[in-house]
Amino acid sequence: MTDAALTPAAPARGAIALPRGLIFVAPAVLLMLAIYILPIVVLTGFSITDYRLGALRWEFVGLQNFRAAFQDPVFVRALANTALYAVLVIPTGVFLALGIALLVQGRRHSRALWETAYFLPVTATLVAMATVWQFLLHPTLGPVNAAITWAGFDPVSFLGNPALLIPTLALIGIWQVLGFNMVLFLAGLTAIPNDLLDAARMDGARSPIDRFLTVTWPMLGPTTMFVIVTTSISAFKVFETVAVLTKGRSGSETLLYALYLEGFEYSNTGYAAALTLIFLAIVLVLSIGQTLRMDRRVHY
Amino acid sequence: MRRVLPHLILGLGAALMLLPFYWMILTSIRAPAEIFDVSLWPVPRDFSAVQNYGQAASTVPMARFMLNGVIVCGGILIVQVLTAVPAAYALAKLRFPGRRLLMALVIGALCIPMQALALPLFVGLARTNLLNTYFAQMMPFFLSVFAIFLFRQSFRSYPDEIIEAARMDGFSEMEICWRLVLRGSLPSLAAFSVFSVVAHWNDLYWPLIVVSDMAIAPPPLGMLFFSDVESGANYGALMAGAAMITAPMILCFLLARRSFIAGITMTGVK
């Protein structure tokens, strides 16, 4: 570690700095206890009880809540829906964004314009934009179906047909994530030295596709991994569009929405705590490797 | 052709990306009678922006939602900066017992999404009768481990010699932290502020849990409430409401595109 280099060790100052450092971190440590550590402990406690908010009596039920979760058709459906959503959003959201980034990168004059256009959905309030999408996709009043009918097909009931609910949410999810991923890919592309591309050209990689496959794609490896991980985490957290567009009707619950209903609408605190831990486990599996890598990148 | 084709593809894609915004604005200035007009022609036959926006603002307290958003985002950001900056300074430049442990906790907490903490925090707030307050809306976000992480990273590159010299000159450690070191990291502060404000202006999950009183609802919750009330009866007003709620972030983005993109994509850890 480089600690010694950062704070050159003069014994006298070390002695003074010791309590001072603690005073500086005290507010953050107290908040960390109140917002992270205590809640996680309490959450784990809830998950092995049948506690309901407001109830006077509760009992330990061991792992009953977890067993119940995997036998609960609603929760299993929510898991399956979220997985389907992720499977639709991740590949499209990642590779389409890569394609856009490759095209945008080559534009010298218009780059800012394209960046703005594709990034705009990222900043927009999703709850409001979901309402707009609802109208856009309306079977009779929306322009999307007007275009579909004009092309000679039957209108599509995006938000009426139960089989299309999750794919429609995924469509909106992709729309929102593209600009974010595009910017991450642009940063990754900028970091690739031009010499490498020139060298590849000399070595006979004439077509852009050859150069992409021999240089760009391998060099983008870490960026692509990062983009895939962040996209999957946000896919598993899909909530706003569900809350506005489907409210879980026709079996379209997602993980977080099912969790929200159990914990905050039905007040099944103990059961919802078990669901929360399952949700947390999924997110941790997706994010731990990534966070460790981010930490390492910072250290060296 | 090779020069035009990329522009053509990008243009087509951008048109699809921007369609929802265009449709939102267009509908918000069209008369309700034109609802069956699915054309994308930009000039409405009957310019009804005043009625639509007026109705959106009178059906629900739009201005109130916006004000609530400003209060909540502002409060969160102030406390986040006040607590994260000294902690990051100590982690970057001071020695104290438990420093490594704290850093490990910060990294660990980076992986934990807010939604995993919501249930116990909600129970705690309910038991202390603090639901439906601004405090309840802001409390879970008072500590930003991401801010600590980011500022520490940025503070570490601040030259130790200057800190030494400042100590010799009698600067207190607080002054060094806020007036010297933080000043050297203003771009990080700007990027973090954008990140924080955008995230909390747009957040629905937590307000939905702790707020039922519309008088203190932030914009996304207000929008959800509005779209449930209107439920498709008046798309003009609904789109006007959506436009009002998305406008602040979009305007800021268009005005400060660079720092916005830097702020939001600083992390995937949202």
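What follows is calculated from the coordinates using simple rules that are stated; it is not laboratory data. It should be emphasised that the depicted structure is a prediction, and the values quoted were computed from it without experimental measurement. Ideal geometry is used to build each Cβ from the backbone, glycine not excepted, and the neighbour counts take in all protein chains shown.
Whole-Hz ³J(HN,Hα) for each residue in the range A:271-278, computed from phi via Karplus 6.51 cos²θ - 1.76 cosθ + 1.60 with θ = phi - 60°, x for glycine and proline: what do you get?
Values, residue by residue: 5, 4, 5, 5, 4, 4, 5, 5 Hz.
Kindly state, to the nearest 0.05, the FRET efficiency for A:R107 paired with A:V156, given R0 = 35 Å and r defined as their beta-carbon distance.
Between A:R107 and A:V156 the formula returns 0.55.
Note down the relative contact order for chain B as a percent, whole number, built from C-alpha pairs under 8 angstrom at least six residues apart.
32 percent
Compute the Rg/Rh shape ratio of the range A:72-299: radius of gyration over Kirkwood radius, all on alpha-carbon atoms.
Radius of gyration over Kirkwood radius for the range A:72-299 works out to 1.04.
Can you work out the FRET efficiency for the pair A:A163 and A:M202, with r the C-beta to C-beta distance and R0 = 51 Å, to the nearest 0.05?
So, using R0 = 51 Å, E works out to roughly 0.45.
With point charges of +1 on the Cβ of Lys and Arg and -1 on the Cβ of Asp and Glu, referenced to the Cα centre of the protein assembly as shown, which listed residue (B:P159, A:L277, A:T254) lies farthest in the positive direction of the dipole?
B:P159
Taking the Cα centre of chain A as origin, work out the dipole magnitude from +1 charges on Lys and Arg Cβ and -1 charges on Asp and Glu Cβ, in debye rounded to 20.
That gives chain A a dipole magnitude of about 460 debye.
With no solvent and one equal point scatterer placed on each C-alpha of chain B, evaluate the Debye formula and give log10 I(q)/I(0) for q = 0.10, 0.13, 0.16 Å⁻¹, two decimals.
Computed log10 I(q)/I(0) values: -0.68, -0.98, -1.22.
List the trypsin sites (Lys or Arg not before Pro) within the range B:36-118 that fall in a DSSP loop (any state other than H, G, I, E or B) and whose Cβ has at most 12 other Cβ atoms within 10 Å.
Answer in residue order: B:R45.
Which value, to two decimals, describes the C-alpha radius of gyration of the protein assembly as shown once divided by 2.2 N^0.38 Å?
Cα Rg divided by the expected 2.2 N^0.38 Å: 1.03.
Quote the relative contact order of chain A in percent (integer), defining contacts as alpha-carbon pairs under 8 Å separated by 6+ residues.
28 percent
State to the nearest 20 debye the size of the charge dipole of chain B about its Cα centre, where the only charges are +1 on K and R beta carbons and -1 on D and E beta carbons.
It comes to approximately 800 debye.
Averaged across the residues of B:7-17, what count of C-beta atoms belonging to other chains lies within 10 Å of each residue's C-beta?
Mean shielding by partner chains, rounded to a whole number: 5.
Using modelled amide H (1.01 Å from N, peptide plane; none on Pro or chain starts), what sits under 5 Å from the amide H of B:R30, excluding residues fewer than 5 places away?
B:S48
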